[in-house]
Amino acid sequence: MVISIYIECYTTGMISTIIFDLYGVLREDPYLAWLKNHNLAKDGAYKVLADEADLGNISREEFYQQLSQISDVAREDIENAFSSKKSIDPQIITILTSLRPEYKLGLITNGSRHTRDFLEESGLAPLFNDIIVSSEVGLIKPDVQIFKLALERLDSTPEETLFIDDTKQNVLAAEALGIKAVQYESLDQFQALLNK
């Protein structure tokens with residue numbers, strides 16, 4: 001099978017579990033997109049704010065208000081930008097559905113309290129054996145504890161697990177635990193790997 005060939009190309013040993021990142025892999029990261037549209041970067045106060053939301057320390061409304069204060073963009077404009085619904089690429093659903101019969105699928109995402117709502121509404125949630133949303137567990141990637149929690153909940157070992165994330169530091173954190181990891185760049189790149 002094509003997917004098995006992909007996994008063998010990037011790993012040694014038997015893979016039974018694949019863990020995905022959400023934002024930047026399965027879906028565009030709306031915060032990074034907003035920052036880019038405003039010629040801003042996710043550093044300094046913008047990173048601190050994201051971490052507070054991802055840890056579940058602030059509400060959506062507090063996030064919008066604080067982002068408005070540090071960016072000088074009207075709160076209503078920010079809310080409208082983040083409220084626009086972007087659907088999941090049907091190719092992503094196809095890939096996950098094709099993996100589901102052979103592998104345990106997990107999701108680790110740095111996300112706010114409303115991330116699970118999106119996962120349910122988009123139809124992604126039922127495709128995973130386990131989902132870890134940072135704001136629900138009080139941990140954010142690249143903290144190794146979030147990876148350990150995922151392995152425990154998926155009843156998997158690092159050696160039999162593949163992790164796919166778009167952020168290099170998260171990939172390195174997973175690798176430090178012995179998890180095989182691939183840095184995601186684009187859907188085209190991912191599909192090319194699947195077809196190897």
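Every read-out reported here was derived from the displayed coordinates using simple, explicitly stated rules and does not represent laboratory data. These figures come from a predicted structure and were not determined experimentally. Note: ideal-geometry Cβ built from the backbone for every residue, glycine included; neighbour counts use all protein chains shown.
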* Structure fact -> Yeah, the chain with a ≥ b ≥ c from its alpha-carbon gyration tensor (a/c under 1.5 is rounded, else prolate when a/b outruns b/c, oblate otherwise) is prolate
* Loop only per DSSP, at most 15 neighbouring Cβ atoms within 10 Å: give me the GluC sites (Glu not before Pro) in region 38-99, ordered by residue number. => none
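A 22 angstrom limit on the alpha carbon distance is what I want to check against. Which of Lys47/Lys148; Lys42/Lys104; Lys36/Lys148; Lys148/Lys168 exceed it?
Lys47/Lys148; Lys42/Lys104; Lys36/Lys148
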* Asked: So which trypsin sites (Lys or Arg not before Pro) in region 58-165 pass both tests, a DSSP loop state and at most 11 other Cβ atoms within 10 Å of the Cβ?
  -> Lys85, Lys86
* Would you list which aspartates and glutamates come within 20 Å of Lys180, measuring only between C-alpha atoms, while excluding same-chain residues fewer than 8 positions from it? => Glu8, Asp21, Glu102, Asp130, Asp143, Glu152, Asp155, Glu159, Glu160, Asp165, Asp166
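Note down the magnitude of the dipole of region 30-83 about its Cα centre, charges +1 on Lys and Arg C-beta and -1 on Asp and Glu C-beta and zero elsewhere, to the nearest 20 debye.
Using only the charged Cβ atoms, the result is roughly 180 debye.
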* **the chain: calculated mean residue ellipticity at 222 nm from DSSP helix runs of at least 4, using -39500 (n - 2.57)** => -14000 deg cm²/dmol
* To do: For region 77-167, just say rounded, prolate or oblate: build the C-alpha gyration tensor, square-root its eigenvalues into a ≥ b ≥ c, call rounded for a/c under 1.5, and beyond that prolate if a/b exceeds b/c, oblate if not.
  => oblate
* To do: Quick one: net charge around Gln183, please, counting Lys, Arg +1 and Asp, Glu -1 for every other residue with C-beta under 9 Å from its C-beta.
  => -2
